[in-house]
Amino acid sequence: MRVMVFVKATEDSETGVIGAQHAEMFEAMGKYNEELVKAGIMLGGDGLRPSKDGKRVAFDGPTRTVIDGPFAETRELVAGYWLWEVKDMDEAVAWVKRCPNPMLGPSEIEIRPLYEVEDFGEALTPEAEEIHGRVRDQLEGR
Amino acid sequence: MAAAETHRAIEAVFRIERARLIAGLARMVRDVDRAEELAQDALIIALAEWPKTGVPNNPGAWLMAAAKRRAIDGIRRDRMRERKHEEIARDLDDERDASVETLEATMDDDIGDELLGLIFTACHPVISAEARAALTLRLIGGLTTDEIARAFLSAEPTIAQRIVRAKKTIGNAALAFEVPRERERAGRLASVLEVIYLIFNEGYAATAGEDLIRPSLCAEAQRLGRILAGLMPDESEVFGLLALMEIQASRLPARTGPDGALVSLTEQNRARWDQLLIRRGLTALARAEALGGANGPYALQAALAACHARARKADETDWARIAALYDRLREVMPSPVVDLNRAVAYSMAFGPEAGLKLVDELAEATALRNYAPLPAAKGDFLFRAGRLPEARTQFEAAAGLTRNARERAFLLARAAACSR
């Protein structure tokens, strides 16, 4: 199964300032990433810039409102993610537990299983799938 | 946490550590069977201790230490049996310290190296390919004998015996549990890659409705391939094989219809192809090529698979490129099946006559004498060339050779279409 693993933001990560105080954590995280690769579970991942560099688009009926960052609810924001292929949630949890603390202070990591094509069943018609596939292709510039 | 939940959490930690644990222990005690037992002992100790103490910070090291203590106790017991008790009472402490030191020295090596050593040992060419696959799934993949038996559609005692014999062979041959160097390396790596691809293909051959353990072999093989790529980042064919598996696996959701029948590549709904796997496959292929391995047999097969993966619609397929890749593949991996596929690619790229020319050269090959795809392909070329009566004969011949009822019906329908 595939899981998306979210590293939640903190006040520190939201400043966007990266300095010497983070060196140790970066090194530990580098080693951890290497372990994930060697265990064959890592499919991808990246760190995200703070929400002040981001934007939101709010939907309400036909209106679309663009909201500039930063966003307030820091603990709900995502600061980074991995995509893993694991056998089950237990394995995902065991791997997350051995992650070095990704932040300087207290922090949180959230694990969310992905939907697989099978989960959609009848809800995904061939036409809808076709469009999904096309959109993905365009996104990937192929 | 409820006791059952704690149990599951501990077992998940153990699953992560198991292969490395066995790898380290096997090198230490020079006995895979004993290494497996010791690892299992360590799990039992952890299940007793961790609920009280919590999972230690470095569970791998903890488990290894526990297993090592067990190994040392075993050595002591053996010595006890060999000698008189009085002598032992005198020597034991010194000797034990010496054993511990030797053991610890073996443990200091790079852990990644040890896992790789175990993979190479389990895939040693002295063991038959089927036994290699079973042993690899057991030791590295952590599958039970029952799961492996179901996956390979075999009886459990057959697989159990196969594994026992393979372990014995490893012991008798006194294999070193090491990654072979220089001269031996290429051949031994080929043997490892062969096993992983065998496991993958076994899963790929599974049809809908079968025991789910069979299709999961694809995922097992992909994981093995990813592990190997992580451990051997400079071996181009490792990335070639990984690319091939990722791209082929990307089609798994599309290759069976609602009725469970296989859907051919050109008929598949490409929107169902797993784009993440395609992207991973293309990245791995690029890596294989960057490492100078563009002409490796796996890299070439991956490049072929990539041609299909890149085509958004079947009729956008770059058949000329596929034909050129087959020209190269038959140089490094000569086989009548490759030649037949090459003929198909030529027919698609340059017209049915080009395919006919190649397939006629092939008809002499004894290996393909009773191979239904040969007359089926020839029938298709003839049909497209407008030579309907000849095409009909070929389709009928192909229908007579295939054992698959669905395929036979398809070929007979094509034969009938020649009379219209």
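Per-structure values
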quantity	calculated
All strands (runs of 3 or more DSSP E) inside the stretch A:43-87 with 1 or more residues being out of contact with any helix residue (DSSP H, G or I) (no Cβ under 6 Å at 6 or more places or on another chain) and loosely packed, with under 11 Cβ neighbours inside 10 Å	A:55-60, A:63-68
In the stretch B:46-60, residue surrounded by the most Cβ atoms within 10 Å (Cβ to Cβ) [restricted to those that are among the small types (G, A, S) and within 12 Å of another protein chain (Cβ to nearest Cβ)]	B:G60
One residue from B:R330, B:R342 being more than 22 Å from B:Q268 (Cα to Cα) and in contact with a helix residue (DSSP H, G or I) (Cβ under 9 Å, 6 or more places away or on another chain)	B:R330
Condition met for B:T266 (more than 13 Å from chain A (Cβ to nearest Cβ) and surrounded by fewer than 18 Cβ atoms within 10 Å (Cβ to Cβ))	yes
Options B:A284, B:A306, B:A345: the member that is modelled with pLDDT of 95 or more, within 14 Å of chain A (Cβ to nearest Cβ), buried (at least 16 other Cβ atoms within 10 Å of the Cβ) and farther than 17 Å from B:A229 by Cα	B:A306
Subset of the stretch B:293-344 [among the charged types (D, E, K, R) and within 23 Å of the chain's Cα centre (by Cα)]	B:R330
Selected residue (criterion: surrounded by the fewest Cβ atoms within 10 Å (Cβ to Cβ)) from residues of the stretch B:269-281 that are closer than 15 Å to B:C307 by Cα and of a type in the set (A, V, I, L, M)	B:L277
Residue match in the stretch B:326-340 (condition: within 14 Å of another protein chain (Cβ to nearest Cβ), surrounded by 20 or more Cβ atoms within 10 Å (Cβ to Cβ) and assigned to a helix (DSSP H, G or I))	no
Residue among B:D315, B:D360 that alone is surrounded by fewer than 22 Cβ atoms within 10 Å (Cβ to Cβ), closer than 25 Å to B:S250 by Cα, of a type in the set (D, E) and modelled with pLDDT under 95	B:D315
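Residues checked against (1) under 22 Å from B:A323 (Cβ atoms); (2) without any contact (Cβ under 8 Å) to a residue 24 or more places away in the chain:
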{"position": "B:P352", "(1), (2)": "yes, no"}
{"position": "B:V359", "(1), (2)": "yes, yes"}
{"position": "B:N370", "(1), (2)": "no, no"}
{"position": "B:L374", "(1), (2)": "yes, no"}
{"position": "B:L382", "(1), (2)": "yes, no"}
{"position": "B:L388", "(1), (2)": "no, no"}
{"position": "B:T402", "(1), (2)": "no, no"}
{"position": "B:A405", "(1), (2)": "no, yes"}
{"position": "B:L411", "(1), (2)": "no, no"}
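Condition check ((1) assigned to a helix (DSSP H, G or I); (2) hydroxyl-bearing (S, T, Y); (3) more than 10 Å from every other protein chain (Cβ to nearest Cβ)) across all residues:
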site	(1), (2), (3)
B:I213	no, no, yes
B:A219	yes, no, no
B:Q222	yes, no, no
B:R226	yes, no, no
B:A229	yes, no, no
B:P233	no, no, no
B:F239	yes, no, yes
B:L244	yes, no, yes
B:Q248	yes, no, yes
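The values are calculated or read from the model by the stated rules, or taken from the named source; none is laboratory data. None of these values were measured; they are calculated from a predicted model. Cβ sites come from the backbone with ideal geometry, for glycine too, and all protein chains shown count toward neighbours.
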